[in-house]
2 protein chains.
Amino acid sequence: MIVLDGKATSAQIRLEIAEAVKALYSAGKKTPHLCAFLIGNNGASETYVAGKVKACEEVGFRSTLKRFPETISQQELVEEIEKINQDPEIDGLIVQMPLPKHIDELTVTLAIDAKKDVDGFHPTSVGRMALNLPTFLPATPAGVIELLKRYHIPTSGKHCVVIGRSHIVGSPMSILMARNSEPGNCTVTITHSRTTNLKELCLQADIIVAALGKPEFLTADMVKDGAVIIDVGITRVPASDTKSGFRLKGDVKYDEVAPKCSAITPVPGGVGPMTITMLMLNTLKAVELFGK
Amino acid sequence: MIVLDGKATSAQIRLEIAEAVKALYSAGKKTPHLCAFLIGNNGASETYVAGKVKACEEVGFRSTLKRFPETISQQELVEEIEKINQDPEIDGLIVQMPLPKHIDELTVTLAIDAKKDVDGFHPTSVGRMALNLPTFLPATPAGVIELLKRYHIPTSGKHCVVIGRSHIVGSPMSILMARNSEPGNCTVTITHSRTTNLKELCLQADIIVAALGKPEFLTADMVKDGAVIIDVGITRVPASDTKSGFRLKGDVKYDEVAPKCSAITPVPGGVGPMTITMLMLNTLKAVELFGK
């Protein structure tokens, strides 16, 4: 059984990105520059954005963090996005979610120029992904694909069951696993809250991607011997024996599932560390695709 | 066993579109106007475009057919598309495929303003579909959804197996069947040339959408009792007993599969007649979404 080590893989990719930044510099091209918008004072959002800014430093990108008060109007926020869209210095823009309730997430997503949409959430990015055209892939599914690729996990002709159909993970995951590329070329079954026979389907799967957000949902009796298990879930569960008072749990009951698998991602240290790194890769791609 | 009659359903929808056109007129809005580009002298393309122009007349749309010689350059064609993009009189533009070999289909698809992309092939349309936002749905999958809806075929929680992953049918079909809407909410398995256990998967399916383009591929031994069968295939097969010298065959071996089904689309007269009607519905939608 192989543990798919997202932390080590992520570190390796960041080294490669740093090399690519140096190569851009040598070729007289611009240094990739990511801009992050942070609205209000959400503690978790602060942590996420800080991680993104730190990753930029690590790989040699420029970064700009723009903070806005909780009270900013939707119109003002869209105008600020417009400024970044027009700014040739900035290659990628992310607006950290969640937003205050008076601001519509979709309006904000649509306001970002698709050429700077390094989160890969804009309809144009999603459509280009579905059509197998060069584009920004959403970070979490892209991280899964990258892990499968770097560990040489065979996917062609395999049956992949995706649990969850969110726009951010499950749905793009199913598109990426089914399309004609490597990794890819899976027979893909997408399952969700309306699915009536999930256990039966999971037992047929060569690869399971669990992305429903229910701690320890996938148990050993749902997994066939030798399957590849990708755990995208990450939930804070109260714990009396940790300093923080909680523990991170995936969607997979790791201790009992791992012994049956041919490969599995741990939580933490599996898919999670890949996500910010994929954002860095998208920002690099922004310069390669659209940079001067 | 119910035969899903695409011809009758299509006729009914065209009546409804004609009513909507009258309502637009009464409200002082514009008459939907479809523009079709026909390049070269392909006989089948002539027939398809003629059918589209005729459908426009039937529902009370304006239509413009622009013919270009086989020798038109890609640049000239893109410039002609640009003119239509800028023309406020025209609501929808289709460029009949296939194109001459020196013209890249993707370049042409991307040149069409997404707001006039009534074929639903532009990445922005595909992405908006995947995100469940209002948009132009590709005509053939939209026709299947409409048939399921009008015949009140239950889909929620059902297992739908899609055979084929083309950008025009299989892939959007799987997105539409899986998403959170009615019809929709299926557990969806997308299968293709790399799938190793197609028969086994089909035997589990409550709904099968056959869209691989192989005449009479789906046989009775691949179908469970009571399944719903949607046949998207349409291939000309030589026949000595018809005036034309050929006969249209679907991807389903109808005679042996039909008795096992709860519902099935015939070929011809099933999904086929719905396709042009869905193009009309998209053109109407163009006025509703973007028209003055």
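The values are calculated or read from the model by the stated rules, or taken from the named source; none is laboratory data. These figures come from a predicted structure and were not determined experimentally. Here Cβ is always computed from backbone atoms with ideal geometry, including for glycine, and neighbour counts include all displayed protein chains.
The figures follow:
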quantity	calculated
Any hit, the stretch A:88-99, residues being touching a helix residue (DSSP H, G or I) at 6+ places or on another chain (Cβ under 7 Å), within 21 Å of residue A:13 (Cα to Cα) and assigned by TED's automatic domain parsing to the domain that holds residue A:234	no
Hits in the stretch A:199-211 - residues which are of a type outside the set (D, E, K, R) and more than 24 Å from the chain's Cα centre (by Cα)	A:201, A:203, A:204
The stretch B:86-104: number of residues that are more than 17 Å from residue B:31 (Cα to Cα) and without any contact (Cβ under 8 Å) to a residue 60 or more places away in the chain	7
Lone unmet requirement of (1) in contact with a Pro (Cβ under 7 Å, 6 or more places away or on another chain); (2) in a loop (DSSP other than H, G, I, E, B) for residue B:154	(1)
Residue A:12 being at pLDDT 95 or above, under 30 Å from residue A:256 (Cα atoms), out of contact with any strand residue (DSSP E or B) (no Cβ under 8 Å at 6 or more places or on another chain) and exposed (fewer than 14 other Cβ atoms within 10 Å of the Cβ)	yes
Helices (runs of 4 or more DSSP H) wholly inside the stretch B:163-278 that include at least 1 residues being within 14 Å of another protein chain (Cβ to nearest Cβ)	B:170-178, B:198-202
Unique match (being within 14 Å of residue B:141 (Cα to Cα), in contact (Cβ under 8 Å) with a residue 12 or more places away in the chain and crowded, with 23+ Cβ neighbours inside 10 Å) among B:228, B:209, B:223	B:209
Candidates A:156, A:174 - the one that is in contact with an Asp or Glu (Cβ under 8 Å, 6 or more places away or on another chain) and of a type outside the set (Lys, Arg)	A:156
Failed condition for residue B:145, given (1) within 18 Å of the chain's Cα centre (by Cα); (2) crowded, with 24+ Cβ neighbours inside 10 Å	(2)
Test: residue in the stretch A:58-74 that is exposed (fewer than 15 other Cβ atoms within 10 Å of the Cβ), part of a helix (DSSP H, G or I) and without any contact (Cβ under 8 Å) to a residue 60 or more places away in the chain	no
Residue check for residue B:287: under 14 Å from the mean Cα position of the chain (by Cα) and either part of a strand (DSSP E or B) or surrounded by fewer than 23 Cβ atoms within 10 Å (Cβ to Cβ) (or both)	no
Sole residue being touching a Cys at 6+ places or on another chain (Cβ under 8 Å), on the phi < 0 side of the Ramachandran plot and away from chain B (no Cβ under 14 Å), chosen from A:99, A:93, A:77	A:93
Matching residues, the stretch B:97-149, being basic (Lys, Arg) and farther than 18 Å from residue B:286 by Cα	B:101, B:149
Filtered residue count, the stretch A:174-198, keeping only those that are over 15 Å from the mean Cα position of the chain (by Cα), of a type in the set (S, T, N, Q) and buried (at least 21 other Cβ atoms within 10 Å of the Cβ)	5
The stretch B:108-151 - residue that is in a loop (DSSP other than H, G, I, E, B) and free of Cβ contacts under 8 Å to residues at least 24 places away in the same chain and, of those, nearest to residue B:74 (Cα to Cα)	B:122
Which numbered condition residue A:143 misses (of (1) more than 24 Å from residue B:125 (Cβ to Cβ); (2) within 11 Å of chain B (Cβ to nearest Cβ); (3) not acidic (Asp, Glu))	(2)
Of residues in the stretch B:111-139 being within 9 Å of another protein chain (Cβ to nearest Cβ) and among the aliphatic types (A, V, I, L, M), the one surrounded by the fewest Cβ atoms within 10 Å (Cβ to Cβ)	B:133
Only one of A:218, A:248 that is more than 19 Å from the chain's Cα centre (by Cα) and not small (Gly, Ala, Ser)	A:218
Options A:166, A:156, A:171; residue that is polar (S, T, N, Q), farther than 15 Å from residue A:261 by Cβ and either touching a strand residue (DSSP E or B) at 6+ places or on another chain (Cβ under 6 Å) or buried (at least 22 other Cβ atoms within 10 Å of the Cβ) (or both)	A:171
